[in-house]
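The values are calculated or read from the model by the stated rules, or taken from the named source; none is laboratory data. Bear in mind that the values here come from a model prediction, so they are computed numbers and not experimental data. Note that each Cβ is placed from the backbone with ideal geometry, even for glycine, and that neighbours are counted across all protein chains shown.
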Amino acid sequence: MPDIANTPTPPYYAVIFSSHRTDGDNGYAEMAARMAELAAQQPGYLGMESAREGLGITVSYWESLEAIRNWKKNAEHQEAQRLGHQQWYSSFRVRIAKVEREYGI
């Protein structure tokens, strides 16, 4: 079972990436692992959760909108985005939301 991200007390931001993959790996698994590793090194990164069974959903958590913008501008991340558009995703959506409250057990 994947871990649930240990996020701080809100507010913070969530980037929700929902996607449908194309057939075949074509280097996707290696790049996805690299992006998870690289994101974790970025200033303002708080954590990530991901699940895939048909529809893939990855949620990354960030301290600020500026941290999200900086991650989007990262050169390796931009290359992953380019490859995603060209060969890994048949469709996707990115949503950015402010987390104002959280609770759980």
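Take A51 and tell me if it is in contact (Cβ under 8 Å) with a residue 12 or more places away in the chain, buried (at least 16 other Cβ atoms within 10 Å of the Cβ) and among the aliphatic types (A, V, I, L, M). Against the criterion (in contact (Cβ under 8 Å) with a residue 12 or more places away in the chain, buried (at least 16 other Cβ atoms within 10 Å of the Cβ) and among the aliphatic types (A, V, I, L, M)), A51 does not qualify. Screening A80, A67 for residues that are aliphatic (A, V, I, L, M), assigned to a helix (DSSP H, G or I), surrounded by 13 or more Cβ atoms within 10 Å (Cβ to Cβ) and in contact with a helix residue (DSSP H, G or I) (Cβ under 7 Å, 6 or more places away or on another chain) leaves exactly one candidate, A80.
Contact list please: Cβ distance under 9 Å, first residue in segment 72-96 and under 22 Å from Y45 (Cα atoms), second residue modelled with pLDDT under 95 and among the hydroxyl-bearing types (S, T, Y), pairs at least six apart or on different chains. Note: pairs meeting the criteria are G84/Y28. Only one of the numbered conditions (1) loosely packed, with under 12 Cβ neighbours inside 10 Å; (2) touching a Phe, Trp or Tyr at 6+ places or on another chain (Cβ under 6 Å); (3) not aliphatic (A, V, I, L, M) is violated by E30, and that is (2). Here is the figure for segment 16-57: residues that are assigned to a strand (DSSP E or B), among the hydrophobic types (A, V, I, L, M, F, W, C) and over 20 Å from S90 (Cβ atoms) total 2.
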